[in-house]
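The structure appears right after this line, and notes come after that.
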Amino acid sequence: MRRRDFLKASTLGASLPLLKGCDDLEEDFLVQPAVRPGVLAGESIWHPSICTQCPAGCGIQVRTVDGDAKKIEGNPSHPASLGGVCALGHSALQELYNPDRILDPQRRTGNTGDREFEAISWEQALSEIVGLIGSVSPINMAFIGSEPRGLTAGLLKRMCDSLGASPPAFLEPPEYGVERQASALSLGIRSIPYFDIARSDYVLSIGSPLLDRWHNPVHYSRAVAEMRRGRPGRRGKLVQAEARMSLTSANSDLWLPIIPGTEGFFARAVAGVLLSENLVGDAGRRQYELLFPAPPPTLGTVAEQCGILPEKIERVAHEIAEAEHRVVVAGGSVAAHTNGLFNTVAGLGLNLLLENLGQPGGVFAPATFDLAKHLSPPESFTTSMADLASRIRGESGEPIELLFVVDADPLHELPGGWDLASGFQDIPNIVVLSSFLDDTSYHADLILPLNTGLERFNAVEPESPIGIPVLGIASAAVDPLGSGQHPGDVLLAVAQSIAEDLLEDFPWPNFEGMVRSLINEEIENLPGGRSADGSSYYRDALARGGVFEAGNPALTPPGPDGESPREEQAYFDGEEALFPFLLMPFASLKIAHGRGANRPWLQELPDPISTIMWNNWVEVSPSDAADNKLSDGDWLRLQSPNGSMELQVVIDPAVRPGTVGVPLGSGHQDYGRYAKERGSNPMNLIGNLLVDGTSEAAWAATRVRIERVGPGEIARFGKSYEQRGEGENIPVGWAPHETDQEG
Amino acid sequence: MKLRPKRSKRPSCTVRNIAGVSLALMAMGCSTDVPEDLAQPIAFSHIAHSEDDISCTRCHQGAETQDQAGLPPISSCASCHRRGVIPDHPEVLKFMEKLEERQPLIWRKVNVLPSSAMVHFRHKPHARAGVDCSTCHGDVSQMGLAQKEIDTANMGWCVSCHRENEASVDCLTCHY
């Protein structure tokens with residue numbers, strides 16, 4: 001008998017009147033069960049589960065006691081995380097128990113944005129949605145999802161296809177789209193490549209925040225540790241070329257604080273040294289010239305442009321050429337300048353020159369089981385967020401009469417210059433699937449609650465590849481609070497309610513049934529699946545936390561598929577004379593792009609570099625602070641061509657003069673008591689520039705001016721730059737302007 | 001021994017256990033106004049088991065690893081008694097009958113910490129610190145049914161032991 005069945009049986013028949021007056025029963029009596037119920041009262045049970053806090057899809061274990069989730073740790077069997085879990089993953093408990101969760105479907109009763117809702121039943125909600133879909137022409141519908149790959153995305157694409165609506169748009173960090181495009185051009189793969197850092201001897205990271213919040217911080221943090229300390233007698237080296245001192249820069253062996261927007265030229269200069277000094281082979285040279293037929297610019301010109309000494313560039317080129325296993329990683333903010341595609345292609349292209357493709361410690365194509373191909377073709381078309389934003393504003397395409405948003409918060413995460421909020425006011429019907437009343441869902445007419453990751457059956461093929469195929473599968477770790485559902489279950493229920501002829505396209509009873517069916521279909525191709533019994537294979541996968549391939553990455557990218565875009569200089573929103581500072585937003589290690597902002601644990605957690613807690617801030621260099629008479633903690637107004645906001649100053653000697661850094665993720669208009677109106681959202685300062693050659697937002701291409709508003713005190717764990725006396729130890733992060741930790 | 005009071009929104013395991021107790025009492029023909037002198041369900045003999053070298057933790061498996069010492073399922077008892085250890089003893093027949101009917105045995109607790117005291121007693125840290133079972137429970141190995149020998153609900157008794165053994169006497173160590 002399963003524990004849950006036992007408990008149900010125990011409960012059944014015990015009527016409430018019977019319990020009246022029995023408050024002391026548990027105090028006075030002990031139950032000795034007839035047979036073992038599965039667990040003892042108070043016993044800890046660890047359930048394998050999947051972290052849903054970011055697209056990395058790490059495997060986790062949830063410690064439950066008496067059915068309640070108490071603690072989250074990593075699942076050592078899961079190859080994406082190997083037992084690790086980040087702060088955001090730990091905080092999933094506070095998503096589960098968050099007092100501001102939406103537990104039942106909600107219908108708007110007041111005006112849009114008034115936050116007035118009434119609870120309704122699922123039957124009523126589904127009936128209203130079916131009515132809406134029936135009354136709106138498919139060409140006037142629009143759909144937004146959260147992650148472009150995976151089973152839920154596959155279901156959403158299938159639903160749009162079945163309805164005859166335009167393909168969904170997916171909200172993800174805009175640089176991911178640029179990175180995919182750059183990867184297609186330079187490596188011939190249409191997804192984000194895997195960088196085999198753990199087996200590398202030399203990692204040149206061009207802007208990639210490997211140890212911050214990038215594709216899989218847990219996996220890459222471990223890989224960097226393995227590279228340095230996992231092979232006795234062989235220590236790898238990490239070189240970080242990035243404008244601001246991120247956690248990755250702070251932990252690098254050599255930090256090159258490059259001028260923002262010049263990263264592609266830096267990569268070309270490294271190529272120039274490798275080519276001119278014949279440090280590379282003919283095969284690599286030929287491949288590289290397919291991507292860049294023109295010779296690289298001269299070292300002197302580039303060095304001045306990038307703000308990096310030519311000797312440093314030469315040294316990096318020599319060192320990487322000498323390393324046995326080496327890799328060049330490119331992405332993050334370098335992909336978010338207007339010339340982001342060139343920057344990223346130039347960085348990834350160095351792997352061609354160095355013949356790193358498919359080599360141990362090099363770069364690999366992502367491997368995947370791709371169960372979602374049974375739901376929609378792998379390369380099926382999606383709508384770009386920029387195109388959808390234009391439709392929402394009424395500037396192009398068919399007007400939107402029904403907008404369906406699945407587990408995404410575009411009004412918080414997209415640039416303020418896109419002006420989505422005013423467009424939302426004109427959409428007559430907005431349906432949002434969300435666990436919280438966030439910046440987007442409070443514009444909704446109907447909110448369908450989602451359960452949280454710990455309460456749901458889930459199957460996730462991580463969007464962030466790790467070089468070997470991974471399919472995380474897990475049953476619910478705890479019973480659900482409220483009536484929220486998995487987004488896949490909601491989509492299935494909606495599709496099946498619309499019309500009987502759609503049942504053929506969506507024949508599965510629920511999301512889990514769909515996953516089981518897809519696994520049965522693919523079982524011959526899954527590891528250990530040949531001639532396996534479907535039921536026991538599935539049961540074992542649930543107990544383990546998924547289906548994983550073993551071994552090292554093996555898929556070699558085919559090579560360049562076209563020429564690089566032109567070597568253009570980056571340009572910025574705002575005239576330099578009026579807006580002299582370059583704004584560098586960055587994803588917060590703690591709260592990511594905003595998802596973690598409603599967790600007190602994460603708000604209270606000091607930022608690893610600045611040690612600031614609870615709010616976001618603006619990082620200013622000491623020289624700029626002196627010029628503008630700023631003290632640490634002062635309130636500062638940041639003004640861009642698109643808007644203004646006030647933040648507190650953190651004076652940071654590791655900020656390049658002329659730039660200011662602001663963490664993303666704060667400044668929600670709603671999202672519960674811990675996040676609402678806490679800090680400011682730097683995306684509101686960003687205009688509508690796109691990365692050239694793509695449809696992605698150029699969020700690192702905005703200039704601002706600064707103006708002191710008044711004094712203030714900032715909550716931080718450590719001392720400020722000003723409080724730190726001469727001779728005091730300098731913690732990581734408070735480093736000189738350029739570090740060389742070897743030296 | 002006390003089950004933890006629960007504060008979560010959804011029905012807790014404890015509440016469900018109460019429901020189970022009620023169900024069992026109903027099945028026994030008892031009302032829920034339990035008389036104070038309700039006898040234990042069987043005349044279990046600790047002394048008989050200790051003479052057979054059965055340690056405390058063989059049955060109370062949670063004593064060293066969990067908050068609560070716990071009781072084994074009746075099926076565990078049956079695993080010995082069904083295989084020829086006094087299978088026809090009247091007390092054995094009583095619980096074998098319960099097992100047959102898949103009904104639990106309901107035991108009256110001997111050592112009770114009132115919930116009003118808000119004490120979270122945890123066996124594991126005490127066992128880890130080397131506190132012998134008999135320190136709090138008396139020499140149960142010489143008892144038939146367990147009897148209360150020490151007033152464990154007396155905070156002064158707890159505190160003096162904590163002081164003697166240099167354990168924490170911070171209020172929040174036990175009261176939370």
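The values are calculated or read from the model by the stated rules, or taken from the named source; none is laboratory data. Quick caveat: nothing in here was measured; it's all calculated off a predicted structure. Don't worry about glycine lacking a Cβ; one is built from the backbone with ideal geometry, like all the others, and counts go over all protein chains shown.
The table for this structure:
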| item | result |
| --- | --- |
| Residue list for the stretch A:86-101, filter: within 12 Å of A:Leu454 (Cβ to Cβ), touching a Cys at 6+ places or on another chain (Cβ under 9 Å) and not aliphatic (A, V, I, L, M) | A:Gly89 |
| The stretch A:102-139 - residue that is in contact with a Pro (Cβ under 9 Å, 6 or more places away or on another chain) and assigned to a strand (DSSP E or B) and, of those, surrounded by the most Cβ atoms within 10 Å (Cβ to Cβ) | A:Gln106 |
| Of residues in the stretch A:611-658 being among the β-branched types (Val, Ile, Thr) and assigned to a loop (DSSP other than H, G, I, E, B), the one nearest to A:Gly416 (Cα to Cα) | A:Val655 |
| Output for the stretch B:52-80, where each listed residue is away from chain A (no Cβ under 14 Å) and surrounded by 15 or more Cβ atoms within 10 Å (Cβ to Cβ) | B:Cys56, B:Cys80 |
| Residue in the stretch A:140-169 that is farthest from A:Asp426 (Cα to Cα), counting only those that are of a type in the set (A, V, I, L, M, F, W, C) and assigned to a helix (DSSP H, G or I) | A:Leu151 |
| Checklist (1) at pLDDT below 95; (2) more than 28 Å from A:Pro641 (Cβ to Cβ) applied to A:Val363, failing item | (1) |
| Single residue of the stretch A:64-84 satisfying the filter (over 20 Å from A:Gly467 (Cβ atoms) and among the aliphatic types (A, V, I, L, M)) that is nearest to the other protein chains (Cβ to nearest Cβ) | A:Val65 |
| Of all residues making up the stretch A:230-264, the number that are of a type in the set (Gly, Ala, Ser) and part of a helix (DSSP H, G or I) | 3 |
| Inter-residue pairs, beta-carbon under 6 Å, first without any contact (Cβ under 8 Å) to a residue 60 or more places away in the chain and in the stretch A:630-659, second of a type in the set (Ser, Thr, Tyr), 6+ apart | A:Met645/A:Ser680; A:Leu647/A:Ser680; A:Pro657/A:Ser621; A:Pro657/A:Ser623 |
| A:Ala269 at pLDDT below 90 and surrounded by 22 or more Cβ atoms within 10 Å (Cβ to Cβ) | no |
| Filter pass, A:Glu172 being crowded, with 19+ Cβ neighbours inside 10 Å, farther than 17 Å from A:Ile427 by Cβ, in contact with a Ser or Thr (Cβ under 8 Å, 6 or more places away or on another chain) and touching a residue at least 12 places away in the same chain (Cβ under 8 Å) | yes |
| Of the criteria (1) surrounded by 11 or more Cβ atoms within 10 Å (Cβ to Cβ); (2) on the phi > 0 side of the Ramachandran plot, which one B:Glu166 fails | (1) |
| 1 or more residues at pLDDT below 75 and farther than 30 Å from B:Pro73 by Cβ: qualifying helices (runs of 4 or more DSSP H) within the stretch A:1-88 | none |
| Criterion: of a type in the set (Gly, Ala, Ser) and within 19 Å of the chain's Cα centre (by Cα) - qualifying residue of A:Gly358, A:Gly362, A:Gly332 | A:Gly332 |
| When residues of the stretch B:86-101 are limited to those that are more than 16 Å from B:Ala43 (Cβ to Cβ) and surrounded by 13 or more Cβ atoms within 10 Å (Cβ to Cβ), the one farthest from the other protein chains (Cβ to nearest Cβ) | B:Pro87 |
| Enumeration of residues in the stretch A:506-521 that are closer than 22 Å to A:Ala532 by Cα and of a type outside the set (S, T, N, Q) | A:Glu512, A:Gly513, A:Met514, A:Val515, A:Arg516, A:Leu518, A:Ile519, A:Glu521 |
